[in-house]
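This report concerns only the one structure given below.
The values are calculated or read from the model by the stated rules, or taken from the named source; none is laboratory data. In this text, all values refer to a predicted model and were calculated from it rather than measured experimentally. Please note: Cβ atoms are built from the backbone with ideal geometry, for glycine as well, and neighbour counts cover all protein chains shown.
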């Protein structure tokens, strides 16, 4: 983004009187801010930073110029000419902007400003457009994927009714690809020419978003000749920033980034172009890359749920509730060993990750947190769940998520270990997950660590040289039913032994981030 003082339009001053909803208002523009106020009592003043403006367009009110205005070069005015001897000139312009309301939601609004002198209208529109054009971080051309099958299968409807109109208002060009199968996004990214795009966006759930950034990383690795199967390799950064517009079943990534799963909010964040770095975690099994994930990797209960739910896809999102009930009743536990490179201190002692998070900002500058002292730990036992949370994993059904203090860009994953216990305790845990103000932290059968990497090995995997116990091999008594699978961003990974590494702020994502609870109030101006 161009620095304010280097922007030639930054010091521009405009002052005029416009009619806004039949009221005379003085309108000012200076230093990137629009201010308008009523001329008569009751006096009311509105302030709008241009960083919250989507576009400025000419209004429908026009007058006919009896003679051709040869000096009028604006493309929009030329298209309005009705004959060779007359030109329709604008007497109003429409300002499209976004307002943040409560619960982190942003919504589109517009205000029409009218003036008798078309030259004043033209001057204001050109000045505002020139100022917006200097926001180089705003994407002007987007490669957009729509998953029509995810969640409630409303991806195309969301595109047509909510996304496309806002993109048109903001004058963002979109190349739309409707996915037809699993792997379609990845295959498209590997063969497409990406240089002409400023962003890649998807309309879908966590799985669609995962396929998007997995495809971009695979493309970058191919171009840079990097072997992704090497568990110690530094993953390449994708060439494009990405955005996620929710239309899935849980949409935990969108919720964790924006503080809401509201579609309009996500679109506005993409249009504004503000971005932050998001950690991604790689999952390796021996010398094979299994997946790169952004939200959560979970073994045990959630793995069983996603595996079982595949048989009930015809139920839609309700299949997760049905399979979840079945597996909570079954209350299966899994023996395993977790080895992690942990940082000192409990995650709950850290501040929450919100807009302008100091911890994530420090890590973006490769600054280590002074209090972070890494050490290797080994945890063994029988687990109901083993979770590696890359974000808070909050969603509408779990407002606090698995780890509310998880940071999206600190180079760490929160490892949440749920010991195998009674059915009653499992229900207590689920109730905590659905609470708006309680966490899992203080449950006696839950352990939480913050780690830069960790490995998990199921104890039920036969050793190459099994130890004999009472004359027989322990592993000979076990079957595959004693093993679970991994739930990785809603997809199944059938591997019991894995290594997880965090790649700090590998992905640039569009978001203005959620606000703190104390500042969760609407933007500073109202509508006339």
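Quick rundown of the values:
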item: Pair list, Cβ under 7 Å, 6 or more apart: the range 20-31 residue over 21 Å from residue 50 (Cβ atoms) and assigned by TED's automatic domain parsing to the domain that holds residue 130, other residue at pLDDT below 95 and assigned to a strand (DSSP E or B); result: 23/38; 24/17
item: Which listed residue, of 418, 386, 391, is crowded, with 16+ Cβ neighbours inside 10 Å and in a loop (DSSP other than H, G, I, E, B); result: 391
item: Of all residues in the range 93-122 being in contact (Cβ under 8 Å) with a residue 60 or more places away in the chain and in a loop (DSSP other than H, G, I, E, B), the one that is surrounded by the most Cβ atoms within 10 Å (Cβ to Cβ); result: 115
item: Qualifying positions in the range 123-158 - at pLDDT 95 or above, in a helix (DSSP H, G or I) and under 17 Å from the mean Cα position of the chain (by Cα); result: 158
item: Count of residues meeting criterion [out of contact with any strand residue (DSSP E or B) (no Cβ under 7 Å at 6 or more places or on another chain), more than 21 Å from residue 252 (Cβ to Cβ) and in contact (Cβ under 8 Å) with a residue 12 or more places away in the chain] in the range 312-343; result: 5
item: Residue 363 vs. criteria under 25 Å from the mean Cα position of the chain (by Cα) and either in a helix (DSSP H, G or I) or surrounded by 14 or more Cβ atoms within 10 Å (Cβ to Cβ) (or both); result: yes
item: Test result for residue 489, under 29 Å from the mean Cα position of the chain (by Cα), modelled with pLDDT under 95, closer than 16 Å to residue 307 by Cβ and surrounded by 18 or more Cβ atoms within 10 Å (Cβ to Cβ); result: yes
item: Residue match in the range 406-418 (condition: farther than 25 Å from residue 278 by Cα and assigned by TED's automatic domain parsing to the domain that holds residue 352); result: yes
item: Selection count where residues are assigned to a helix (DSSP H, G or I) and out of contact with any helix residue (DSSP H, G or I) (no Cβ under 6 Å at 6 or more places or on another chain), scope the range 217-251; result: 7
item: Only listed residue being farther than 21 Å from residue 155 by Cα and crowded, with 16+ Cβ neighbours inside 10 Å, chosen from 234, 240; result: 240
item: Residues being part of a strand (DSSP E or B), modelled with pLDDT of 90 or more and buried (at least 16 other Cβ atoms within 10 Å of the Cβ) - total across the range 35-70; result: 11
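Quick grid of which residues meet (1) within 16 Å of residue 390 (Cβ to Cβ); (2) modelled with pLDDT of 90 or more; (3) in contact with a helix residue (DSSP H, G or I) (Cβ under 6 Å, 6 or more places away or on another chain); (4) surrounded by 17 or more Cβ atoms within 10 Å (Cβ to Cβ):
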residue	(1), (2), (3), (4)
282	yes, yes, no, yes
294	yes, yes, yes, yes
308	no, no, yes, yes
312	no, no, yes, no
316	no, no, no, no
321	no, no, no, no
